[in-house]
1. Tell me the residue from 163, 143 that is at negative phi, buried (at least 20 other Cβ atoms within 10 Å of the Cβ) and of a type outside the set (Lys, Arg), please.
2. Going through 235, 226 one at a time, which residue ends up being outside any helix (DSSP H, G or I), out of contact with any Cys (no Cβ under 9 Å at 6 or more places or on another chain) and either among the hydrophobic types (A, V, I, L, M, F, W, C) or under 30 Å from residue 193 (Cβ atoms) (or both)?
3. Cβ-Cβ under 8 Å, sequence separation 6+ or interchain: first residue in the stretch 316-335 and in contact (Cβ under 8 Å) with a residue 40 or more places away in the chain and assigned by TED's automatic domain parsing to the domain that holds residue 287, partner in a helix (DSSP H, G or I) and aromatic (Phe, Trp, Tyr). Which pairs?
4. Mind listing just one residue for me: the one in the stretch 313-344 that is surrounded by 15 or more Cβ atoms within 10 Å (Cβ to Cβ) and small (Gly, Ala, Ser) and, of those, nearest to the chain's Cα centre (by Cα)?
5. Please list, ordered by residue number, the strands (runs of 3 or more DSSP E) wholly in the stretch 122-204 having 1 or more residues that are among the β-branched types (Val, Ile, Thr) and farther than 22 Å from residue 242 by Cβ.
6. Report, by residue number, each residue of the stretch 103-120 that is on the phi > 0 side of the Ramachandran plot and buried (at least 18 other Cβ atoms within 10 Å of the Cβ).
7. Please determine, by comparing only the residues of the stretch 202-245 that are basic (Lys, Arg) and in contact with a helix residue (DSSP H, G or I) (Cβ under 6 Å, 6 or more places away or on another chain), which one is surrounded by the most Cβ atoms within 10 Å (Cβ to Cβ).
8. With the checklist (1) outside any strand (DSSP E or B); (2) closer than 30 Å to residue 205 by Cα; (3) modelled with pLDDT of 85 or more in hand, flag the one item residue 27 doesn't pass.
Amino acid sequence: MGHLCRLCRGTGWSAALNPAMLEQRFTERGMKLTRFSTGRLAPAQRHEAWLNRGGPGIGRLVDTRPVGVFGMWSEHLALGTVDLNFGEMSAQHYERTAERCRRDQVDMISICLMLEGEMRGEAGDRDFIVGPGALGVIDLAKAARHHSTASRTVMITLPRALALTRFGCLQNLHGAVADGGSTRLLRTHLNALHREAGHGLEPTVSRPLGESVLHLLEVTLVMAKRVENASAQARVAALKLAAIDEIQRRLDWAGLDADYLCGRLKLSRTALYRLFAQDGGVHAYIRQVRLEQVYAALANPANQARVGDLAVRWHFSDTSHLSRAFRDAYGLSPNDVRRGRKKS
């Protein structure tokens with residue numbers, strides 16, 4: 001959290017770079033990544049500037065009260081009807097009252113993916129805590145209030161009609177939280193998307209990228225058991241992600257097999273096989289992931305483990321068994337890789 005304190009000292013990126021020049025560069029390269037920062041402003045001016053800035057943002061939809069010196073920066077990317085805001089914000093209190101909901105008639109769903117920091121609050125009759133890696137959902141048509149520490153977040157905003165078509169009934173989503181285990185794939189995707197947006201994205205990929213975010217949101221909420229009417233595709237994807245996550249965590253355990261996974265995930269053997277049918281079945285998938293670990297070890301000059309030791313560690317019956325499986329997978333022997341040859 002140390003780097004978040006830069007917000008309060010006004011030494012963020014905008015103190016050294018010209019935001020207008022950056023925006024122009026992104027516009028020329030493709031889709032526009034709009035940046036805003038209070039870094040160059042006097043501390044007394046920052047909060048009001050944030051509230052009154054142009055463009056999308058939560059500031060004008062809620063009553064806010066900073067805790068200490070205010071500071072923030074954000075980068076906004078529009079992907080069709082899906083809005084993304086990547087940013088950092090100093091600590092403050094937020095409240096959206098029932099009266100304000102009636103007055104402005106905003107009908108959007110706001111989703112906060114917390115990368116660093118924490119938010120605690122109330123949404124209707126539900127108390128919620130969103131910690132690092134977790135995701136929280138707020139229905140902007142309903143009252144809510146919360147306190148957020150200095151934080152780094154990705155805010156995802158979408159129209160209610162779109163959320164209804166993807167997630168089904170929204171009644172139980174106000175104040176719902178998905179833990180960090182459920183959001184792992186979404187976090188990875190959004191980080192990659194933010195990085196690529198920095199190099200410029202063609203306008204033609206806007207809607208497909210928005211769809212990719214929606215799909216992973218749906219998968220995340222299914223994995224966290226927060227939606228009941230998600231698509232069959234999202235449910236299958238969520239089950240496979242759960243299985244892959246369990247395989248990765250237990251990869252060096254000798255007892256990792258189909259029976260264990262069926263019991264852990266509460267699936268039949270037939271259902272488990274269908275999840276990994278394109279991989280040749282779950283045992284073939286586990287073997288391939290273990291072979292990747294062996295390959296990485298052999299290709300690393302600092303790792304001098306013998307092939308026989310790697311066979312034991314990754315649960316191949318002996319050196320010959322590992323060597324045959326390795327050659328079938330990569331067209332090379334383990335010793336070829338150790339001598340510097342690479343898979344094609």
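1. Among 163, 143, only 163 is at negative phi, buried (at least 20 other Cβ atoms within 10 Å of the Cβ) and of a type outside the set (Lys, Arg).
2. 226
3. Correct list of pairs: 334/326.
4. Among residues in the stretch 313-344 that are surrounded by 15 or more Cβ atoms within 10 Å (Cβ to Cβ) and small (Gly, Ala, Ser), the one nearest to the chain's Cα centre (by Cα) is 329.
5. Output list reads 126-130, 135-139, 151-159.
6. 117
7. Restricting to residues being basic (Lys, Arg) and in contact with a helix residue (DSSP H, G or I) (Cβ under 6 Å, 6 or more places away or on another chain), the top hit is 240.
8. (3)
The values are calculated or read from the model by the stated rules, or taken from the named source; none is laboratory data. What you see is a predicted model; the values in this text were computed from it and never measured. Virtual Cβ from ideal backbone geometry, glycine too; neighbours counted across all protein chains shown.
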